[in-house]
Amino acid sequence: MKKKRRFGGDDELNITSMMDMMTIILVFLLKSIGSSEVEVRTSDNLKLPYSTNKAPPMLTVSVVVQKDAILVDGKEVANVQSETNPNVPNVRSYFVDGSEKTGLSINKLFDELNDKKEVSKVLESKTKGQIKFDGKMVLQFDQNIPYSLIREVMFTAGKAEFFDFQFVLIQK
Amino acid sequence: MAKRRETEEESLNLVPIMNLVTILIPALLIAIKAVTLTMIETKLPAIGAPAPPDVKEENQQKPLALQIIIGKKGITLNKPSLEFAFDGEVPPEYKAENPPPLFPCAGGVCFNPCDEDKKQKSMTCYNYDFEELTKKLVSIKQKAIRESRFEESSQNVVLMPEKEIPYIVLIHTMDAARGTEEDKALFDNYSEVYKKGLFSMVSFAGGLN
């Protein structure tokens, strides 16, 4: 009888210690879960640089400049082209074609941002100022995008009355 | 024997809870943040070439207005800020029309051959000397404070990159201008104006062509 109890079906697996472990892991995971408002979808065409800064990004109109396209809140508005740069070895040049621009302004990006601004202003008037258009914008650039394209995007945003920029980066 | 049976029946059945926890753990592992995001705030840059400094107005009493020029051969500072960078007289080569960079890239080459498709570019792709830049900015700020030429507006640094400079170099220059926690700690004994960081606000000027 004694032998059967030890090796037979009556013995159950003691899972209490496993439960303890699982509970600790569960608490740890719940604590580690992020609550960032800004969504980042990194890909081969969008690699954000690292920064030593610590401030978290906030949710607002998002412009993403990848190596192949410019997106406003996930919607593609302009193509980005690339070529080797004869002036600077080892650095590729990324640009929006001249036919899609008026001076420094990228036409379709301006149209989209202008629409966003108009929607925000209508909301502002309907909510009697509870939702305010503050001209803030979240910018995500691939780490290889040159300053010339960054300047054009910022210029276009400024033309559409977006003046405050937040560059989204990966914390070091 | 009856007593033993009664005790065994009372034991809590943890299997359903185990099932739930086993499902929850992979779900949470997927939702966990692999990276922490951060942001740098800046205002709209002034488009167009910056106005050249008026030589007549340059005098010793002007507050520090730092501009960092990022070029294809290295990093330098605007001419009025060079006074703070050198103890005493600014060497004549830095007063010339096209001065050499104050922080030249090693061997005069700033960009190394680098695989763009690498998951994250390391600074081995570039030869900019950001450590020396931060050290110099600390000494510039200390000198400006000593000479009472550091005002609240002096916290602002304007970046003037050439148009080909990649975003990653701009971000690392911004980080270098803000300094590390240790650099900030150097100004702990000063008043509030100086304690916001090495140079807390960084914005862009129109790029050089």
- Mind listing just one residue for me: the one in region B:65-84 that is among the aliphatic types (A, V, I, L, M) and not in a strand (DSSP E or B) and, of those, farthest from the other protein chains (Cβ to nearest Cβ)? B:LEU82
- Message: Exactly one of these conditions fails for A:LYS116: (1) among the charged types (D, E, K, R); (2) facing another protein chain (nearest Cβ under 8 Å); (3) under 27 Å from A:GLY98 (Cβ atoms). Give me its number.
- Response: (2)
- Can A:VAL80 be described as in contact with a strand residue (DSSP E or B) (Cβ under 7 Å, 6 or more places away or on another chain), closer than 18 Å to A:PHE155 by Cα and either within 14 Å of another protein chain (Cβ to nearest Cβ) or loosely packed, with under 12 Cβ neighbours inside 10 Å (or both)? yes
- Within region A:143-172, the residues that are over 15 Å from the mean Cα position of the chain (by Cα) and at the interface with chain B (Cβ under 7 Å from one of its Cβ atoms) are A:ASN144, A:ILE145, A:PRO146, A:TYR147, A:SER148, A:ILE150, A:ARG151, A:MET154, A:PHE155, A:GLY158, A:PHE163, A:ASP164
- Message: Which of the numbered conditions does A:ARG92 fail, given that it passes all the others? Conditions: (1) surrounded by 12 or more Cβ atoms within 10 Å (Cβ to Cβ); (2) of a type in the set (Lys, Arg); (3) at pLDDT below 80.
- Response: (3)
- From B:ALA49, B:ALA27, grab the single residue that is within 14 Å of chain A (Cβ to nearest Cβ) and either modelled with pLDDT of 70 or more or in a helix (DSSP H, G or I) (or both). B:ALA27
- Scanning region A:49-69 for residues that are assigned to a strand (DSSP E or B) and either within 17 Å of A:LEU169 (Cα to Cα) or without any contact (Cβ under 8 Å) to a residue 12 or more places away in the chain (or both) gives A:TYR50, A:SER51, A:VAL61, A:SER62, A:VAL63, A:VAL64, A:VAL65
- Note on the structure: Taking region B:155-172 and keeping residues in a helix (DSSP H, G or I), surrounded by 20 or more Cβ atoms within 10 Å (Cβ to Cβ) and more than 7 Å from chain A (Cβ to nearest Cβ) leaves B:VAL169, B:HIS172
- Query: Can A:PHE95 be described as in the same structural domain as A:PHE167 (by TED's automatic domain parsing), in contact with a Leu (Cβ under 7 Å, 6 or more places away or on another chain) and farther than 30 Å from B:ILE32 by Cα?
  - Reply: yes
- Message: Six or more apart or on different chains, Cβ atoms under 7 Å: show the pairs whose first residue is in region A:110-137 and farther than 12 Å from A:ALA160 by Cβ and whose second is of a type in the set (D, E, K, R) and loosely packed, with under 14 Cβ neighbours inside 10 Å.
- Response: A:GLU124/A:LYS132
- Message: If I filter region A:57-65 for residues that are within 8 Å of chain B (Cβ to nearest Cβ), within 30 Å of B:ILE25 (Cβ to Cβ) and not basic (Lys, Arg), do I get at least one hit?
- Response: yes
- Message: Which count do you get for residues in region A:119-142 that are away from chain B (no Cβ under 12 Å) and on the phi < 0 side of the Ramachandran plot?
- Response: 14
- For region B:147-176, what are the residues that are more than 17 Å from the chain's Cα centre (by Cα) and small (Gly, Ala, Ser)? B:SER148, B:SER153
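The values are calculated or read from the model by the stated rules, or taken from the named source; none is laboratory data. Keep in mind that this is a model prediction, so the values were computed, not measured. Don't worry about glycine lacking a Cβ; one is built from the backbone with ideal geometry, like all the others, and counts go over all protein chains shown.
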